[in-house]
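I have placed the structure first, in the form of structure tokens, so that the comments after it can refer back to it.
Readers should treat all values here as calculations from the given coordinates under stated rules, not as data from a laboratory. For clarity, every value in this text was computed on a predicted model and none was experimentally measured. Every residue, glycine as well, gets a Cβ built from its backbone with ideal geometry; the counts of neighbours run over all protein chains shown.
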Amino acid sequence: MDDHVEFPASSCDLAAPIEHLWAILKRRVSTHGPRNRADLRAFITDELNKVTPQMCTNLVEHFKKCMDECIRLNGEVVKL
């Protein structure tokens, strides 16, 4: 029995909040254009220091909303 489930492309993103946070950090760090390892470390540290508790709360709340909607629709396409 295959337990693999295909989710439609338009389904709500059920990736964990940390995955979204890493994507945000990656995007922000890349805008600085680090040229070497020291730059990269400094930019990552700088951007990590800008992460607020509210930002993390928002990511978790969005994830909860997606999960609730997915459950409510019994796994059907979720659009939020």
- Once you have the Cα-Cα distance between Ala38 and Val51, take 0.36 nm times their residue separation minus that, and quote the gain in nm to one decimal. 2.6 nm
- Query: How much length is gained on full extension from Leu14 to Lys65, taking 0.36 nm per residue of separation minus their Cα-Cα distance?
  - Reply: 17.4 nm
- Cleavage-rule hits, chymotrypsin sites (Phe, Trp or Tyr not before Pro), segment 18-80, DSSP coil, Cβ neighbours within 10 Å at most 11: none
- Item | Residue exposure sequence - His20, His32 - by fewest surrounding Cβ within 10 Å | His32, His20
- Message: Suppose the chain between Asn58 and Arg27 were pulled fully straight at 0.36 nm per residue; how much longer would it get relative to their current alpha carbon spacing?
- Response: 9.4 nm
- Message: Which one, Pro17, Val29, His62, projects farthest toward the positive side of the charge dipole computed for segment 17-72 from Cβ point charges (K/R +1, D/E -1)?
- Response: Val29
